1. Could you check region 1-23 and list, in sequence order, the residues that are modelled with pLDDT under 85 and within 14 Å of ALA61 (Cα to Cα)?
2. Any chance region 369-391 includes a residue that's of a type in the set (Asp, Glu) and modelled with pLDDT of 85 or more?
3. Do the conditions hold for LEU237, that is, is it surrounded by fewer than 19 Cβ atoms within 10 Å (Cβ to Cβ) and assigned to a helix (DSSP H, G or I)?
4. Pairs please, first residue from region 36-51 and at pLDDT below 90, second anywhere and hydroxyl-bearing (Ser, Thr, Tyr), Cβ atoms under 6 Å, 6+ apart in sequence or on different chains.
5. Answer yes or no: is there a residue in region 194-208 that is under 20 Å from SER50 (Cα atoms) and not assigned by TED's automatic domain parsing to the domain that holds SER330.
6. Among LEU239, LEU198, which is the only one that is touching a residue at least 60 places away in the same chain (Cβ under 8 Å) and among the aliphatic types (A, V, I, L, M)?
7. I need every pair where a residue in region 1-24 that is closer than 13 Å to THR402 by Cα has its Cβ under 8 Å from the Cβ of a residue that is among the charged types (D, E, K, R) and modelled with pLDDT under 95, sequence separation at least 6 or different chains.
8. With respect to TRP128, determine if the residue is aromatic (Phe, Trp, Tyr), touching a helix residue (DSSP H, G or I) at 6+ places or on another chain (Cβ under 7 Å) and surrounded by fewer than 18 Cβ atoms within 10 Å (Cβ to Cβ).
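The values are calculated or read from the model by the stated rules, or taken from the named source; none is laboratory data. The structure presented is a predicted model; accordingly, all values stated were derived computationally and were not measured. A quick note on method: Cβ atoms are made from the backbone with ideal geometry, for glycine too, and the neighbour counts reach across all protein chains shown.
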Amino acid sequence: MERYIFKTKLWIQIALINFCIVALAGVTLRYKINFPLPSINQKYLLHAHSHFAFDGWVAIALMALMVNYLQVHNIMANYKKYQWILILNCIAAYGMFISFMLEGYALYSITLSTISIFISYFFIFYLWRDLNKIEDKSYAVKWFKGALVLIGISSIGAFSLAYLMANQIMVQDYYFSAIYFFLHFQYNGWFLFACFGLLFAWLYQKGFLPSVAISKKLFVIMAVTVAPTYFLSILWLKLPKILHWTANISGILQLLVLFYFIQLHPVLKKNISLKITKTSKYLWIMASIAFIMKIVLQMLSIIPYLSHFAFGFRPVVIGYLHLSFVGIISFFILGYINEILRPAYKHVNGGGIVVFAIGFLVQEIVLMLQGLEAMEIEPLPHANIILFVCALLMAIGLIWITMGIMKKKKANPQII
C-alpha cells in the first residue's frame, strides 16, 4: 500500500480558519442586535453560525486529530481516503454556511446537511475498521469507537429536524425535541468521547499509566448515562414517569463522572514528567472547570423549576451551549493542538489565548446575569453591548492564534 502522509497540521490550520469564521459570524450576530444591519437575516445567520461551528470547526479538528492518532501508531491505512473525506466535509460545511445564511432551512441547506451526515458515515466506517488494527492499552480506542457510534445516533435528530422543516410541521415540541436530541449526542456524545479518547491516548503515550484505570471507569459511566441524560433536555414535555425517573437517576449517576475525573488532577500535578506547557495547562484547567460546571448544572436540571429556567430562557440556553462548545470542547482542542504541535512549531500564541479566554469568560457571566433577569433581578446595563465586545475579543484572539500557527515553520519533519 502506498505510504501517504496525512497532513495533520494543514487540517488543524483549516479548522482554525473555520473557527475564526464562526467567531466573525458571532460578532455579526451581536452587532445586529445592537445596530441596524438590514442586509443580514439574523435567524438565517444564526443557523449558518451553528452548523459551521459543528462541521467546519469541531468535526474537522477532531477527525484530523483522530486520523493523526492512527499515524502516531504507524497504522498502515489508505490515508488518502481520509484526506478526501475531510475535503468533502469542508466543502459541505462551506456550502451549508452560505446556503443557511441566504435561505435558512430550505432545499439547498437541507440537502447539504444530509450530504454532510453521509460523509460522516464514511468516516465512521473507515476509522472503525482502522481502529481495529490498534493494540492500545490506554482505552482510547473504546472512546473513539463510542464517539463514532454517537455521531450516527445524533444524525437521527438531524434527519428528524430536516423532515419537520421540509414538511413544514411546526409542532414546537417535535422541533425542540429533535434539536436537543442532535445537540445532546453531539456535545455530550461525539465531541466529549473523542476529546477524552485524545486525552487518555496522549497521557498513555507520555507514560502516565495511572490514567488507564480512570479512563475505564469514566468510559463505563459515560457510556451508560449518555443516552438517558438526553431526557434531562426535554423534561418540560409530558414524559411518562419512567422516563422522568430514568433522566433523574442518570443525572445523579453522572456525579460519579466528576468523582473519577477529579482524581486525575492531583495525580497529574505530582507527575512532572508530562511537562505540559503553561498555555496547555491553563486551557485544560479552564476546560476541566467548564466540564465540572456542565455536569453539576445538568444534575441540577432534574429540579423542575430549574429545568424550566434552564431551557425556557434564551440567554441561559446560549450560555450553556457555549459553556460546552467553547469552554470544554474548544479549550481542550486548542490545548491538545498546542501539545502535539509544540515539538515542531513551538506553541500556540499565549496572547491570543488570553484575549479569547477573557472574551469567553465575560460573555458567560453576562449571559448568566441576563438569565437571572427572569428571577426579577435588576438587568445588567448595556449587556448587549458588552456581549458584542466579548464576541469581538474572541474573534481577535482566534485570529491571533491562527495567524501564529500558520506563520511558524516546521522544525522537525518527523512531527506531523
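1. Passing the criteria: only PHE6.
2. Among the residues of region 369-391, not one is of a type in the set (Asp, Glu) and modelled with pLDDT of 85 or more, which makes the answer no.
3. No; evaluated as a whole, the condition is false for this residue.
4. none
5. Within region 194-208 (the criterion being under 20 Å from SER50 (Cα atoms) and not assigned by TED's automatic domain parsing to the domain that holds SER330), the answer is yes, since at least one residue qualifies.
6. Checking each option against the conditions leaves just LEU198.
7. Within 8 Å, the pairs are LYS9/LYS410.
8. So TRP128 fits the description; yes.
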